[in-house]
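Since the structure comes first, as structure tokens, the remarks are kept for the end.
The values are calculated or read from the model by the stated rules, or taken from the named source; none is laboratory data. Being a predicted model, the structure only gives us computed values, none of them experimental. Counting neighbours? That spans all protein chains shown, and the Cβs are built from the backbone with ideal geometry, glycine included.
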Amino acid sequence: MSARAGDPQDVLELKNEIRKLIDETQESDGDGDLELFRNIEEDWSSCARLSSGIYIILYRFSSMFWRALLHLPPLLGLVSAASDAAGSTYTDSTAVNFFIAISLFVVSFAVTAGALVLGAALVRNSAAPPTSARDMKGKTVIVTGANSGIGYETALDIARRGARVVMACRNTETAAKAREEIAEKTKNSNVVVKKLDLSSLKSVREFAADINKNESRLDVLVHNAGMANTFEKKVTEDGLEITMATNMYGPFLLTHLLIDLLKKSKPSRIVIVASDLYKLANLDLENPNPINSLPAYLYYVSKRGNILWARELSRRLEGSGVTANFLHPGMIDSGIWRNVPFPLNLPLKVIVKVFFKTPEKGAQTTVHLAVSDELDDVNGKYFMDCREHSLTSSVQDVGREKRFWEICETMVKLTPSDPRI
């Protein structure tokens, strides 16, 4: 953040203070925190015309919000790991459970107060960069998790462009209602709902078989669906931890099963909704199915997995006519937070409604990657706010990406007859 000629003295002092805070963060916290801190700096830079006193309060409270809230699941993940090492899991320990609940509640309460004082609707209502006006008539687009949140807004936007939209959803009843709304708003009746539960390998295979049989082309595959649990550990019918199955392994299998149709329809695209929260996670390749880990932390882990997968996928697709790019949508007011239990959900609801982006604004980067003309030849890139964004060095490891790919092939039980990438 550089000073410009003509900046008033209070703004110059403010910028110097922010730069000092960032330098201190770089010395103590490493790449992940530094990048998050820089993003906060960028988010609030538009407020520079406010008085320096109000701006400094905004900056410090928003810093507190991100540090407290985003670091809590990784911290509790360490507590869980320590409990496992001692011969028990966190769910077996009343003391640890009490510590987790109280810590979350106290931090959430403090963050709620800060967010309310700040009037963080500035971020929620900030304008997203414009997306392409490209017409999508004659194109077929699959959007997973399209019944609510940014998935719904993505499907709505693409339907407005005239595309055939396949809403791939676990809850078909909710999806049917969403489909009616989209068809009415866009006057596009070529919107269909199909059953897809990404946590079930069987469901993924049934969905892919349906698509390959009944769809003549596939121009864009949007991997939007995701889930996040807080405390409740679940294992799927395939023996997979449910967060990793839904956010990582299901999409990996689906991409393989649809790759031939994507290649047939080239030029085509794969869009993966990841998250900048990958910076706060570690993906243990020795334990790719962490059924005893804290579920809240595994959301972060799955998003780190998304990035390793996306980078390796893009390399394997070079020259095929299919591109793969991935993105951070921002912190979104969407249904993914519905699994946070009472009473922790009470302050979180306030934070989400006041501070986070609306689903419509959160969907803009997904839509940008799905339709923009300028990205026709772009492959293997990470985007945020409709612009290419850098990754931390810790996640750019070709060897780990290849190894994780091989692990995923095993986890989803690819057969010799399945398409390979």
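When you scan the stretch 171-193, do you find a residue that is closer than 24 Å to Cys408 by Cβ and either assigned to a loop (DSSP other than H, G, I, E, B) or in contact with a His (Cβ under 8 Å, 6 or more places away or on another chain) (or both), even just one?
We begin by selecting, within the stretch 171-193, every residue closer than 24 Å to Cys408 by Cβ; these are none.
No, the stretch 171-193 contains no residue that is closer than 24 Å to Cys408 by Cβ and either assigned to a loop (DSSP other than H, G, I, E, B) or in contact with a His (Cβ under 8 Å, 6 or more places away or on another chain) (or both).
For the residues Ser334, Ser393, the requirement of being surrounded by fewer than 15 Cβ atoms within 10 Å (Cβ to Cβ), of a type in the set (S, T, N, Q) and at pLDDT below 95 singles out Ser393. Evaluate the following for Ala208: is it touching a Ser or Thr at 6+ places or on another chain (Cβ under 8 Å), in the same structural domain as Pro290 (by TED's automatic domain parsing) and part of a helix (DSSP H, G or I)? In short, no.
Can you tell me which residue in the stretch 314-327 is farthest from Arg403 (Cα to Cα), limited to those that are in contact (Cβ under 8 Å) with a residue 60 or more places away in the chain and surrounded by fewer than 24 Cβ atoms within 10 Å (Cβ to Cβ)? I'd like the intermediate steps shown before the answer.
Narrowing the stretch 314-327 to residues in contact (Cβ under 8 Å) with a residue 60 or more places away in the chain: 314-318, 322.
Add one more test, that the residue is surrounded by fewer than 24 Cβ atoms within 10 Å (Cβ to Cβ), and what stays is 314-318.
Working: Ser314: 15, Arg315: 14, Arg316: 14, Leu317: 17, Glu318: 19 Å.
Taking the candidates together, the pick is Glu318.
Lys213 passes every criterion in (1) loosely packed, with under 15 Cβ neighbours inside 10 Å; (2) touching a residue at least 40 places away in the same chain (Cβ under 8 Å); (3) part of a helix (DSSP H, G or I) apart from (2). Per the conditions (1) at positive phi; (2) crowded, with 24+ Cβ neighbours inside 10 Å, the sole criterion not satisfied by Thr243 is (1). Here Thr186 does not fit the description of being free of Cβ contacts under 8 Å to residues at least 24 places away in the same chain and among the hydroxyl-bearing types (Ser, Thr, Tyr).
Asp260 fulfils the conditions (1) crowded, with 23+ Cβ neighbours inside 10 Å; (2) assigned to a helix (DSSP H, G or I) except for a single criterion, (1). Among the residues of the stretch 157-181, those that are surrounded by fewer than 24 Cβ atoms within 10 Å (Cβ to Cβ) and either hydrophobic (A, V, I, L, M, F, W, C) or on the phi > 0 side of the Ramachandran plot (or both) comprise Gly162, Ala176, Ala178. Is there a residue in the stretch 125-141 that is under 22 Å from the mean Cα position of the chain (by Cα) and at pLDDT 95 or above? Within the stretch 125-141, one or more residues are under 22 Å from the mean Cα position of the chain (by Cα) and at pLDDT 95 or above.
Condition first: among the β-branched types (Val, Ile, Thr), part of a helix (DSSP H, G or I) and within 27 Å of Gly362 (Cα to Cα). Now tell me which residues in the stretch 384-421 satisfy that. Before you say what the answer is, go through the steps one by one.
Residues of the stretch 384-421 that are among the β-branched types (Val, Ile, Thr), as a first pass: 392, 395, 398, 407, 410, 412, 415, 421.
Narrowing further to those that are part of a helix (DSSP H, G or I): 395, 398, 407, 410.
If the condition is that a residue be among the β-branched types (Val, Ile, Thr), part of a helix (DSSP H, G or I) and within 27 Å of Gly362 (Cα to Cα), then Val395 is the only one that fits.
So, Ile291, is that one buried (at least 19 other Cβ atoms within 10 Å of the Cβ), touching a Leu at 6+ places or on another chain (Cβ under 9 Å) and not polar (S, T, N, Q) or not? The answer is no for Ile291.
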